[in-house]
1. Compute, for the protein assembly as shown, the length of the dipole vector about the Cα centre, with Cβ point charges of +1 (Lys, Arg) and -1 (Asp, Glu) only. Units Debye, rounded to 20.
2. Can you work out D for segment A:185-263 in µm² s⁻¹ from Stokes-Einstein, where Rh is the Kirkwood radius over C-alpha pairs, the temperature is 4 °C and the viscosity is 1.567 mPa s?
3. Over all directions, how big on average is the projection of the convex hull of the alpha-carbon atoms in segment A:1-70, in square nanometres?
4. Which of A:46, A:34, A:75 sits farthest toward the positive end of the charge dipole of segment A:29-90, with +1 on the Cβ of Lys and Arg and -1 on the Cβ of Asp and Glu?
5. Taking a temperature of 4 °C and a viscosity of 1.567 mPa s, what whole-number D in µm²/s does Stokes-Einstein yield for segment A:266-351 with Rh from Kirkwood over alpha carbon pairs?
6. So if each residue of separation counts as 0.36 nm, and I subtract the Cα-Cα distance between residue A:56 and residue A:233, what length gain in nm does that give?
7. Please give the Cα centre distance for segment A:149-199 versus segment B:7-65, rounded to the nearest Å.
8. Hey, with R₀ at 25 Å, roughly what FRET efficiency would residue B:77 and residue A:316 work out to, going by the Cβ-Cβ distance, to 0.05?
Amino acid sequence: MTDFFSTYVWPALIILGQSVLFLVVLLVLIAYILLADRKIWAAVQLRRGPNVVGPWGLFQSFADLLKFVLKEPVVPASSDKIVFLLAPLIAVTLALATFAVIPVANGWVIADINIGVLYVFAISSLEVYGVIMGGWASNSKYAFLGALRSAAQMVSYEVSIGFVIVTVLLCVGSLNLTDIVISQSAGLGTMIGLPNSFLDWHWLSLFPMFIVFFISALAETNRPPFDLPEAESELVAGFMVEYGSTPYMMFMLGEYAAITLMCCLTTILFLGGWLPPFDFVPFTWVPGVIWFVLKAGLVFFMFAMVKAFVPRYRYDQLMRLGWKVFLPLSLAMVVIVAFVLQISGWGAPGA
Amino acid sequence: MLGLQALFFYIFAFIAVGGALMVVLARNPVHSVLFLILTFVAAAGLFLLAGAEFLALILIVVYVGAVAILFLFVVMMLDLDFGQMKKGALKYAPFGLIIGLVLLAELIIAGTGSAYHPELAKATALPMQPLYEMSNIRALGSVLYTRYILFFQLAGLILFVAMVGAIVLTLRHKQGLKRQSIPAQVARNPATAIEIRKVESGRGI
C-alpha cells in the first residue's frame, strides 16, 4: 500500500499542485496582459483606456470576468448545441494545456519532455478546431465565413512556423525546450568576444527567421493585422458572432492564452529564455523567471504595438504573404542553415 | 507502471474503436469527421504508450492539424443530402468487411510472421536500437535518411507529382481578370503614377 502511494499517488499530487499553481499564476498574468493590450492600444490612440475599476483600472479584467459569468448564455435555436458549447471549451483547454512544457526558468517546468517543441507545435495546430467548430455550429453565415477563413489561415502559417522551428532545431540538435534555451548561452556573441550575452541568442544568428516567426505567430493567433476570422468591419465578429457570456469569455481566454504562449515560444526559441542579457553582476543577480517574464512581456508589447499601428490585411494578401513569401524564405533558410552547419562543423554534437 | 499503462491502453483503445464506429454511424457528416479526429487523437495516445512519441505527435500535426481540417473544410462547404447518402450505405458493407479482413490478416502476418520463421525478421526489419540509448527522432532519422533514403525520396516525388497533377487539372486561366502585382505597385512613383495636365478653364479634359 505504501508502495502504491509513493509510486502513483504522491507524484500525481505533486504534478497536480504544480499545475494548479502554474495555471493560477498564468490566468492572473493573462488578465493583466489583456489589460495591458487595451492600455497600449489606448495610449497609441491618445486615449486613457480602462481606468475606472481599481487604481488605474487594474481590476478591469476581473470586473469583465464577473460580467461575462453572470450573463445568460444564449444558444441559438438552430445551432448544433453540443458542438456549439464544445468549441470554446476546446479552444481554452488546448491553449492552456500547451503551457505544461514551457520552461520559465532552469528546471521550472511541469513536464520536461524530450519532444517539447513538437508537443507545442502539435497542440497549437489543434487550436484551429475551436474556431472552425464554433463557426460551423453557430449556423450563421458570418460565423461560417470567419471559420473558413481561419482554417485556411492557420493551416497556411503553421507551415512556415514549422520550418522556422526546424531551423532552430538544426542549430540546437534537440527538441527539448530546456536544451534549446541552454544552447543559446553560446553562439555568435561568444565568437566575437562577448560570451553569455544577448548576442548569443538565436534572434541574431537566425535573424530573418525571427521576423518570419513573429509575423507568423501574429497570423497563427488571429491577431491584427491578420484578424480576418473576426474582422469586425465585414464579418461583425466572425466565428464568435453568436457567442455571448461565458462561452464568449472562454474564446477570449483561449485567444489570449495562445498569444501568451506564442510570446513564450518566441522567448524560448529566439530570445534566450531565462538567460540574462549580460554576464556581469547586476544582471546575473536577477532570477531567471524574471528575465523570462520580461522578455515575454517585451514580445507581447510588440504584438500590441502591431495591433495599434498596422491596418488589417486583405485576405488574398494574407495568403500571398504566407505561401509566396514566407514558405520559400523559410524553406531556403532550412537548406542554408543545414548547409552552413554541415560545412563549418558548428552543428550540435552527435547530430 | 504496467497496471497504469494497461489502463491507459484500454482507455485509448476504447475511445479509438468507439470513435471509429461513430464515424460510420453518425447521421451528420461533420460529426463523422469530428469523430474521425477523435479516433486520430486516441491513436496518437496509443503510439505514445508504445514509446513512439515522435510518431504520435506527427500523427496529430499532419493528420489532425492539416488533413482532417481540409476534410472538415470540404464536408462543411458541400451541401450534402444526409438521407440520400445513408440509403445505399448498407450495400457497401460486405465490401468494407472484406477490406477490413484483408488489413487484419496483413497486420497479423506482418506482426507474428517472424515468430514462426525467425529468418523473416532479418529480411524485413533493421534491428532497432533500444529507446533508452537513442531518442525516437534520431532512431527514425538514422534509418530513414540512410538505408531507406531512395524510397523516402521516391515517396516525396510521387506526392509532388500528384500535387502538380491536381493543380494542372483544376487550374483555369480566366480572361480579363485583374491581378495585384506587388512589384509593380512598389515600383510606382509620382513621376509614373501622376500626370499633370494644364486644363483650360471652362473646357474640361
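Every read-out reported here was derived from the displayed coordinates using simple, explicitly stated rules and does not represent laboratory data. Quantities reported herein were computed from a predicted structural model and do not represent experimental measurements. Please note: Cβ atoms are built from the backbone with ideal geometry, for glycine as well, and neighbour counts cover all protein chains shown.
1. Value, rounded to 20: 1820 debye.
2. For the chosen part, D equals 86 µm²/s.
3. So the mean shadow area of the Cα hull is 6.9 nm².
4. Of the candidates, A:46 comes out farthest on the positive side.
5. 78 µm²/s
6. 60.7 nm
7. 30 Å
8. 0.85
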